[in-house]
Every structure is written in structure tokens, then in C-alpha cells.
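The values are calculated or read from the model by the stated rules, or taken from the named source; none is laboratory data. As the structure is a prediction and not an experimental result, all values here were calculated from the model. Here Cβ is always computed from backbone atoms with ideal geometry, including for glycine, and neighbour counts include all displayed protein chains.
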């Protein structure tokens with residue numbers, strides 16, 4: 001009789017041990033659920049229009065203009081409506097246009113693993129740049145056309161992107177671009193920095 005009672009007791013003890021072990025993970029490292037962010041892979045080879053290295057003068061201009069100290073800088077450059085090769089049905093009221101842009105770009109960048117990169121938005125149009133700059137300090141005006149003349153003179157569409165690391169290496173797309181492209185540019189440029197220069 002005694003031996004028959006031990007089997008149910010043993011099964012209960014085993015079940016209890018399993019439940020206890022599962023609840024405290026038995027010392028096994030827990031799997032971290034990855035975020036839903038789009039993470040760039042430096043080994044990818046996604047589309048870009050230009051790549052290279054800026055000279056020190058251009059690099060210093062970017063650092064000074066955007067108060068940039070991070071490893072990587074992302075510049076969204078918007079041409080003026082007159083210079084867009086593809087006309088978009090954009091609202092002309094600055095506040096309405098700003099709200100629509102924020103709705104799109106905030107979502108666009110919140111889905112990307114920025115890896116600490118600084119993101120700025122630059123307007124070629126004085127009208128929109130001044131208005132947008134009063135709503136957010138993340139907006140700038142290309143007042144003297146320096147960015148247009150030096151970096152975006154071959155821009156094909158209204159919205160363009162330039163991603164550069166603090167050594168001056170860059171990727172640029174002068175037309176519509178995807179989140180995957182931006183994530184790739186960031187990851188690739190970050191991977192090209194020497195370890196002693198990395199901030200994070």
C-alpha cells in the first residue's frame with residue numbers, strides 16, 4: 001500500500017518542481033523579446049544614389065549647423081514646391097502641412113532602430129522652414145542654399161535623405177526612400193566607425 005501511494009506523490013512533486021522551475025526559469029537565461037523596430041544590417045546592400053566621404057569643411061558645417069555630436073546624423077531634405085519634379089497635393093497652409101508631415105515622419109522614424117542617430121528636417125522653402133522651426137526645434141531652413149548646392153543639387157523628388165557619420169562617410173538617396181534604407185545607412189555608417197569613436 002505504501003509503495004502505491006508514492007507514485008502519485010512522486011508525480012505531484014515532479015509537477016510542482018517543474019512549475020517552480022518554470023516560474024523562476026531554473027537559472028536559465030530568459031529570451032528577450034526583440035522590439036518591433038526595423039534594425040539595419042551592415043551586410044545588406046540596399047539602394048542609394050551616392051556614397052563617399054565629405055571633406056572636413058562640409059563635415060564641420062553639418063556639425064555646427066545642426067549642433068551634431070552623435071555618431072550619425074540623418075538629414076531629411078525637402079525641396080521647395082517649385083523645385084519638386086513630382087508634384088504632390090500638399091496643403092499650402094504651413095500649420096496644416098507641418099501637422100501632416102509630423103504625422104508621417106514621427107511614425108516613420110519611431111519604427112526604426114536609430115542607434116542613437118540625430119534626425120533633423122531641413123526645408124528649402126523659407127516660408128515653411130520658418131513656420132516649422134517655430135513649431136519644433138528639429139526643423140531647419142537651408143537659408144543660403146548650402147545644402148542644396150553642396151549635397152542635394154541632383155535631388156529628383158521633394159523628399160530626400162542624407163545619412164552621415166562623424167568621420168564624414170555618407171549615404172544619400174535623392175528620391176523617395178524606405179525605412180529599411182535609412183536603417184541600413186545608419187547601421188552601415190555606425191559599423192564603419194572605429195570603436196574608440198563610438199558613443200554607444
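Remarks
- Number of residues in the range 161-180 that are touching a strand residue (DSSP E or B) at 6+ places or on another chain (Cβ under 6 Å) and within 11 Å of residue 48 (Cα to Cα): the value is 9.
- Condition check for residue 135: farther than 30 Å from residue 194 by Cβ, modelled with pLDDT of 90 or more, loosely packed, with under 15 Cβ neighbours inside 10 Å and touching a helix residue (DSSP H, G or I) at 6+ places or on another chain (Cβ under 9 Å): yes
- Evaluation of residue 106 against the conditions (1) at pLDDT 90 or above; (2) surrounded by 13 or more Cβ atoms within 10 Å (Cβ to Cβ) shows that the sole unmet condition is (2).
- Among (1) modelled with pLDDT under 95; (2) assigned to a helix (DSSP H, G or I), the one test that residue 186 misses: (1)
- Identity of the residue in the range 138-160, surrounded by fewer than 19 Cβ atoms within 10 Å (Cβ to Cβ), touching a strand residue (DSSP E or B) at 6+ places or on another chain (Cβ under 9 Å) and modelled with pLDDT under 90, that ends up farthest from residue 85 (Cα to Cα): 138
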